[in-house]
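The structure under discussion appears below in the form of structure tokens.
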Amino acid sequence: LFFQERSGNFEFGFEEENSLFYSRRIGLHEGNQVRIYGGARLVGRMGSWDIGLLSMQTEKFDDLPSENSSVLRLCRQVLNPYSYVGGMVTARIGVDGTWNTAYGVDSIIRMFGDDYFSLKWAQTFEDAHSHGAFSLDPARIFVDWERRKMRGLHYKLNYSRAGEDYQPGLGYENRQDFTRFGDIIEYGWIPGKESKLLNHGVYLEGFSYLRN
């Protein structure tokens, strides 16, 4: 419950389940539970801003040092009730001097009608690597154009890229060093309440992963 209540305030997702912040990275190590000394969590809304703040301290476990894991998430409504811009910062710092930090900026903009444009950028930094501020090696990019409809033409087309050194210490990424194109074009019908079918449609779906 500590992590789940208003968990939407901490969402920063890419395609599929990939995310800049994944709460199960705290208190688990290679499938084993790691003792949590304690922490604090703050979620809420201030005017047009949605705020999420979390900080936890864990105990040493095997080769894993005692660590502090912290995340700050801010989102603000812009232009219309269906659009926002936001940012996230995460930090995972061990008492032995190891560290991993990440930042991300994102936006979803309702362009017109049911069409939405999404743009997300993230970078990670850690003690084992040294990169410039605009390097693509530790970076994650996601661009998406989507028409959100169940009746008529629906589509979702996106571009995604993860660099070879992109390592979100408090996130989840199911593969590294790739570029992805996709996704789906669909035409749907909603027959009406006289029909036994709620809706039906035909679609063409496909995507391609390329190694960078």
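Readers should treat all values here as calculations from the given coordinates under stated rules, not as data from a laboratory. Keep in mind that what you see is a predicted model, and the values were worked out from it rather than measured. When we count neighbours, we look across all protein chains shown, and the Cβ atoms used for this are built from the backbone with ideal geometry, even at glycine.
Some notes on this structure:
- Summed residue charge, Cβ within 15 Å of Gly27's Cβ, Lys/Arg positive, Asp/Glu negative: +2
- For the options Leu79, Leu197, Leu119, a Gaussian network treatment of the chain with springs between C-alpha atoms closer than 10 Å singles out Leu197 as fluctuating the most.
- Debye intensity ratio in log₁₀ form over the Cα atoms of segment 12-166, taken at each q of 0.19 Å⁻¹: -1.24
- The fraction of Cα-Cα pairs per 10 angstrom bin, counted from 0 for segment 91-156, comes to 18, 33, 22, 17, 9, 1 percent, rounded to whole percents.
- Candidates per chymotrypsin sites (Phe, Trp or Tyr not before Pro) in segment 45-104, loop by DSSP, up to 14 other Cβ within 10 Å: Tyr82
- The Rg/Rh ratio of segment 48-112, with Rg taken over Cα atoms and Rh as the Kirkwood radius over Cα pairs, comes to 1.19.
- Compactness index (Cα Rg / 2.2 N^0.38 Å), segment 1-93: 1.20
- Each other residue within a Cβ distance under 10 Å of Asp144 adds +1 if Lys or Arg and -1 if Asp or Glu, for a net charge of -1.
- Comparing Cα centroids, segment 18-89 and segment 153-212 end up 26 angstrom apart.
- Radius of gyration and maximum dimension Dmax of segment 7-57, Cα, Å: 13.3, 41
- Convex hull of Cα atoms in segment 97-212, direction-averaged projection (nm²): 9.5 nm²
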